[in-house]
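Student: Supplied in structure tokens, the structure appears directly below.
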Amino acid sequence: MEISKFQSLMKDLYYANDNRRGIYRTTLWLFEEMGELSHELKKNSVKMDKKAIAEEMADIYAWVASLANLLEIDLNKAILSKYPNKCIKCNHKPCQCQKDL
């Protein structure tokens with residue numbers, strides 16, 4: 001599914017609730033999901049539950065889309081503007097940056 005279609009789906013499903021909740025409380029939900037992902041990722045590789053990790057990642061993506069809807073931000077345009085078809089630091093594809101690894 002394309003980013004714009006997913007954002008539209010989240011708007012159709014949840015905008016009324018998100019709007020009542022507001023930006024701040026919606027952000028708190030996003031942070032909670034990020035904490036749940038962090039909890040899953042801190043397990044050693046043998047105990048990692050990739051299904052649970054995938055679900056938390058999907059939740060995070062959904063909450064980001066909800067915030068974008070509340071703020072009237074087109075995620076697809078924002079992503080393409082911020083991340084063109086090359087590294088935003090070294091201007092190469094693939095990235096050739098070596099620092100901060």
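Student: Restrict the check to the stretch 40-48 and report whether at least one residue is touching a helix residue (DSSP H, G or I) at 6+ places or on another chain (Cβ under 8 Å), free of Cβ contacts under 8 Å to residues at least 60 places away in the same chain, part of a helix (DSSP H, G or I) and within 23 Å of Asp74 (Cα to Cα).
Tutor: No.
Student: Taking Arg20, is it farther than 14 Å from Trp63 by Cα, modelled with pLDDT of 95 or more, surrounded by fewer than 13 Cβ atoms within 10 Å (Cβ to Cβ) and not aromatic (Phe, Trp, Tyr)?
Tutor: So Arg20 fits the description; yes.
Student: Also, I was wondering about something else. Can you name every residue in the stretch 58-91 that is of a type outside the set (Val, Ile, Thr), part of a loop (DSSP other than H, G, I, E, B) and either surrounded by 12 or more Cβ atoms within 10 Å (Cβ to Cβ) or under 12 Å from the mean Cα position of the chain (by Cα) (or both)?
Tutor: Matches in the stretch 58-91: Asp74, Lys86, Cys87, Cys90.
Student: Of these, Leu30, Leu13, which one is in a helix (DSSP H, G or I), among the aliphatic types (A, V, I, L, M) and within 15 Å of the chain's Cα centre (by Cα)? Talk me through it step by step, then tell me what you get.
Tutor: Numbers: Leu13 fails: within 15 Å of the chain's Cα centre (by Cα).
Exactly one of Leu30, Leu13 is in a helix (DSSP H, G or I), among the aliphatic types (A, V, I, L, M) and within 15 Å of the chain's Cα centre (by Cα), namely Leu30.
Student: For the stretch 48-57, what are the residues that are surrounded by 11 or more Cβ atoms within 10 Å (Cβ to Cβ) and over 24 Å from Tyr15 (Cα atoms)?
Tutor: Met48, Asp49, Ala52, Ile53 - these are the residues of the stretch 48-57 that are surrounded by 11 or more Cβ atoms within 10 Å (Cβ to Cβ) and over 24 Å from Tyr15 (Cα atoms).
The values are calculated or read from the model by the stated rules, or taken from the named source; none is laboratory data. Small disclaimer: the values here were computed from a predicted structure and weren't measured. Please note: Cβ atoms are built from the backbone with ideal geometry, for glycine as well, and neighbour counts cover all protein chains shown.
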